[in-house]
Every structure is written in C-alpha cells, then in structure tokens.
Amino acid sequence: MDWISIGSGAMAAALIFALMHNNDEDYEEEIDEEGITINDPSGRYVTLSCQTCRKLKKHKEIQSNLYQCVKCKRHTDLRAS
C-alpha cells in the first residue's frame, strides 16, 4: 500500500467525520423586556443596511419581519404599523 493511499483515506475519513458531526452548541434564549428572543439558533438571514454600522450587514430574522443585526444587535422592524 502506498503512503498516498493511506493519507488520502485518512483525509477522506476526517472530512466525512467533520461533515457528519453535529455542531449544535448550547444556545441560551435571552428574552429582553419586549419579549423578543435574541439568541435563537433558528431563523433566516438576510442582508440589510444597518443604520448603526452604516453598511450592508447580515441580519437574522427574530420574528416575522423583525430582524436583528448580527454585529451590533440592533433591531430593524419591517412590520406594518
């Protein structure tokens, strides 16, 4: 057996293990005084213009049409008033 075969087999096994390994972290849901969940692992991400960062940043959807900036944690409310 060649050393290249052994090395490529080990790398393939490590890659398969990394892809199959579940990276669930212990997320703690933090609820502020308005009842908005802040650290929820679920939710979709969109790119919006953040007024605090003054750049296009990734925002996580907390509730329907309520987004939170990933960097500065500022809320952007797009719900109809």
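So here's what we get for this one:
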| read-out | value |
| --- | --- |
| Highest average packing first - 5-12, 57-64, 43-50, 69-76, Cβ atoms within 10 Å | 57-64, 69-76, 43-50, 5-12 |
| A18 versus L78: modelled label distance in nm, points set 7 Å from Cα along the beta carbon direction | 3.3 |
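Only the coordinates and a few stated rules stand behind these numbers; no lab work does. None of the values given here were measured: they were computed from a predicted structure. In this analysis, Cβ positions are derived from the backbone assuming ideal geometry, glycine residues included, and neighbour counts consider all displayed protein chains.
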